[in-house]
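Step one of this worksheet: look at the structure below.
FYI, it's all coordinate maths here, none of it is from the lab. These figures come from a predicted structure and were not determined experimentally. Here Cβ is always computed from backbone atoms with ideal geometry, including for glycine, and neighbour counts include all displayed protein chains.
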Amino acid sequence: MSDAATTIAPKAQNRKAANKASPAAVRRFNEARERTKAIASPTLADVLRLAPNDDKIAAIVQHFGFEAGDYDELTGPVSA
């Protein structure tokens, strides 16, 4: 006769019990996930801070000898 009832069944029940998290652990996990999402996604202020202004563009043009592109042409039409 098989010994499966005494060896496999208790291990499966222990795994099910081990997979249950407390509400506090779930809350902490969700808070950490939201913090990570907030850190990873740049804001409009971040993008504007990194985008070159007119002075930076003039310095790049002077240093590399490139013609400055038309900003409106590069970005395309702005949708309302």
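Couple of notes before you dig in:
- Contour excess over end-to-end distance, with Cα ends at residue 56 and residue 31 and 0.36 nm allotted per residue: 5.1 nm
- The residues packed around residue 57, meaning those with a beta-carbon under 13 Å from its beta-carbon, carry a net charge of -3 if Lys and Arg are +1 and Asp and Glu are -1.
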